[in-house]
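Novice: Got a structure here, written out as structure tokens. Questions coming.
The values are calculated or read from the model by the stated rules, or taken from the named source; none is laboratory data. Please read all numbers here as calculations on a predicted model, not as lab measurements. Heads up, the Cβs are rebuilt from the backbone with ideal geometry, glycines too, and the neighbour counts pull from every protein chain shown.
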Amino acid sequence: MRGLALLLGAAIVARASGAAVVARASGAAVVPRACGLRRTLAPALVSRVALSAAAAAPSPRPARGIERIGSSKLNAFGLLFGLNAFLFGAVLLLPMWLASLVDARRILVSRIGNFWGRTVLRCTGIQATVVGAHLLPPASEAIMYVANHCSYLDVPVTGLLRRPLKYISKSEVKKLPVIGAKLALARDLCVTRGDRRSEARVFIDAVKLLKSGESILAFPEGTTTPNGALLPFKRGPFKMALSSGVRVVPLTIVGTYAAWPKGCVGPTRNVPLSIRVHEPLSVEGRSEDELCEAARAAVQRGLC
């Protein structure tokens, strides 16, 4: 019995000592009790110690060298791509501006923009190819090109087509450095989503461009995919093609979502990219819905 009493007494002393150490470390006072050391810390002290431990715990870091910037991600590969895109874009702005002074249709400006996209991909070490290039109509033919939209890499990849194109972009893109200047110099079409006046103006301008012999590239999904899956197509680009009587060429862009997932500041992986050209679709004998469904089915096949 005496041994058991000694063990119990030692346990009580050890508990009291440990509590006192924790209390001193947290800056709180030990709360005494006249009847003994059974209760050394007040409930408020326990809460303070728990909160302090939680605050001191290190937050988990993203894996594989990906750093967080706010709610987005960026790594060394993304930094390299961004640096190349900005530097080459800034260098080519002067030739674009000079070309815009002598070329009313801005075809040369578009070709310089295509060259910028190919150069950025090459200098970043990204392998990109065109599949089915023999299906491309002549550069002199006005075409409505429609493609799936996965990330900002889609535009540089379309430069592989080597076709002067007018892009239909959302108005927010005009605020991006270098890219916004290129859009203005090339007179690409920018639409404000949800603004009916802006949508009507872009529709009228696009039909005029197609009827004048210029080609347009649109992303009928209207936004980038959140998970890599193909979204429903909007009817606008197909209505433009029907109104101007030009053919529609579906394009499937592969790999850009894996390289640059949504929510990242830049590309995070170097994966092979490709753009797949499908058979041109004639607007004759097709309704707007039929043209849209046929184009989406072709793009979907390229993703399988």
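Novice: Taking the range 197-222, which residues are touching a Leu at 6+ places or on another chain (Cβ under 7 Å) and not aliphatic (A, V, I, L, M)?
Specialist: Asp205, Ser215, Glu221
Novice: Now a separate question. Could you count how many residues in the range 197-221 are free of Cβ contacts under 8 Å to residues at least 60 places away in the same chain, within 23 Å of Leu161 (Cα to Cα) and small (Gly, Ala, Ser)?
Specialist: Of the residues in the range 197-221, 1 are free of Cβ contacts under 8 Å to residues at least 60 places away in the same chain, within 23 Å of Leu161 (Cα to Cα) and small (Gly, Ala, Ser).
Novice: Any idea which residue in the range 179-230 is nearest to Trp260 (Cα to Cα), counting only those that are part of a loop (DSSP other than H, G, I, E, B) and among the basic types (Lys, Arg)?
Specialist: Residues of the range 179-230 that are part of a loop (DSSP other than H, G, I, E, B), as a first pass: 187-188, 192-195, 212-214, 219-230.
Those still in the list that are among the basic types (Lys, Arg) too: 187, 193.
Numbers: Arg187: 27, Arg193: 23 Å.
Selected residue: Arg193.
Novice: Next up: Provide a single number: the residues in the range 78-116 that are under 22 Å from Ala258 (Cα atoms), small (Gly, Ala, Ser) and either at pLDDT 95 or above or out of contact with any strand residue (DSSP E or B) (no Cβ under 9 Å at 6 or more places or on another chain) (or both).
Specialist: 1
Novice: OK, next. Pick from the range 245-304 the residues that are in a strand (DSSP E or B) and hydroxyl-bearing (Ser, Thr, Tyr): which of them is surrounded by the fewest Cβ atoms within 10 Å (Cβ to Cβ)?
Specialist: Residues of the range 245-304 in a strand (DSSP E or B): 247-254, 264, 273-277, 281.
From the residues that got through so far, the ones that are hydroxyl-bearing (Ser, Thr, Tyr) too are 252, 274.
Details: Thr252: 21, Ser274: 18.
That would be Ser274.
Novice: Now a separate question. Ala147 passes all but one of (1) surrounded by fewer than 16 Cβ atoms within 10 Å (Cβ to Cβ); (2) modelled with pLDDT of 95 or more; which number fails?
Specialist: Status for Ala147: all satisfied but (1).
Novice: Sticking with this one: Quick one: what pairs do we get from the range 172-193, first residue more than 22 Å from Pro220 (Cα to Cα), second assigned to a strand (DSSP E or B), C-beta under 8 Å, 6+ apart or different chains?
Specialist: Correct list of pairs: empty, since none qualify.
Novice: State yes or no: is Val130 within 20 Å of the chain's Cα centre (by Cα), assigned to a strand (DSSP E or B), at pLDDT 95 or above and in the same structural domain as Val207 (by TED's automatic domain parsing)? Quick ask: steps written out before the conclusion?
Specialist: Numbers: within 20 Å of the chain's Cα centre (by Cα): no; assigned to a strand (DSSP E or B): yes; at pLDDT 95 or above: yes; in the same structural domain as Val207 (by TED's automatic domain parsing): yes.
Criteria not met by Val130.
Novice: If you check Tyr152 against the conditions, is it hydroxyl-bearing (Ser, Thr, Tyr) and without any contact (Cβ under 8 Å) to a residue 60 or more places away in the chain?
Specialist: On the way: hydroxyl-bearing (Ser, Thr, Tyr): yes; without any contact (Cβ under 8 Å) to a residue 60 or more places away in the chain: no.
So Tyr152 fails the test.
Novice: Any residue in the range 74-95 that is without any contact (Cβ under 8 Å) to a residue 40 or more places away in the chain sitting within a Cβ distance under 9 Å of a residue that is surrounded by fewer than 14 Cβ atoms within 10 Å (Cβ to Cβ) and of a type outside the set (Phe, Trp, Tyr)? List the pairs, counting only those 6 or more apart or interchain.
Specialist: Here the result reads Ala76/Gly65, each pair linking the range 74-95 to a residue that is surrounded by fewer than 14 Cβ atoms within 10 Å (Cβ to Cβ) and of a type outside the set (Phe, Trp, Tyr).
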